[in-house]
Amino acid sequence: MNKRDTVKATLLEIVNEVAGPVEQLDEDQLLVDQLGLESLHLARLVAVLELELDTDPFSADVPITSVRTVGDLLQAYDPVVLPRLGAGEPS
């Protein structure tokens, strides 16, 4: 499973626990208003993803308050999911 799939699978697992069965997530779905997540669920999601992906984009890179949709969440993890070319190479 690639990292983008890990983010989506982890989110889907938590949404299914909170809101009942959901088969698919769309990038425009609102995490709180449409999927029923609350701040505690979002904190759990970030903690689980930090353990699985060994990173937390909200510690410095992205304000957590800017994440409102599934797409916002995926975009927050994009530096993790899709590393920039040349990242980590000596200059």
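The values are calculated or read from the model by the stated rules, or taken from the named source; none is laboratory data. All values reported here derive from a predicted model rather than from experimental measurement. Note that we place each Cβ from the backbone using ideal geometry, even for glycine, and neighbour counts take in every protein chain shown. Only protein heavy atoms, including side chains, enter the accessible area calculation; ligands, DNA and RNA are left aside. Shrake-Rupley method; radii C 1.70, N 1.55, O 1.52, S 1.80 Å.
Using a 1.4 Å probe over the heavy atoms of the protein chains, calculate the carbon and sulfur portion of the accessible area of the chain as a whole percent.
For the chain, the apolar C and S fraction of the accessible surface comes to 50 percent.
Quick check on packing: order 14-24, 65-75 by the mean number of other C-beta atoms within 10 Å, highest mean leading.
65-75, 14-24
222 nm [θ] for the chain, helices only, -39500 (n - 2.57) per DSSP H run of 4+, per residue, to 500?
-14000 deg cm²/dmol
Taking only protein heavy atoms into account and a 1.4 Å probe, give the accessible area per residue of the chain in Å².
66
Which ³J(HN,Hα) values, rounded to whole Hz and listed in residue order, are derived for region 16-21 from phi using the Karplus coefficients 6.51, -1.76 and 1.60 in 6.51 cos²θ - 1.76 cosθ + 1.60 with θ = phi - 60°, glycine and proline given as x?
5, 5, 7, 10, x, x
Using only Cα atoms, tell me the angle between helix 39-53 and the longest principal axis of the chain; keep it within 0 to 90° and round to the nearest 10.
Approximately 40 degrees, to the nearest 10.
Determine one quarter of the surface area of the Cα convex hull of the chain, which equals its mean projected area, and express it in nm² to one decimal.
That works out to 6.4 nm², a quarter of the Cα hull's surface.
Testing the spin-label approximation: label points 7 Å from Cα along Cα→Cβ at residue 64 and residue 2. State their distance in nm.
Here the answer is 2.8 nm between the modelled labels.
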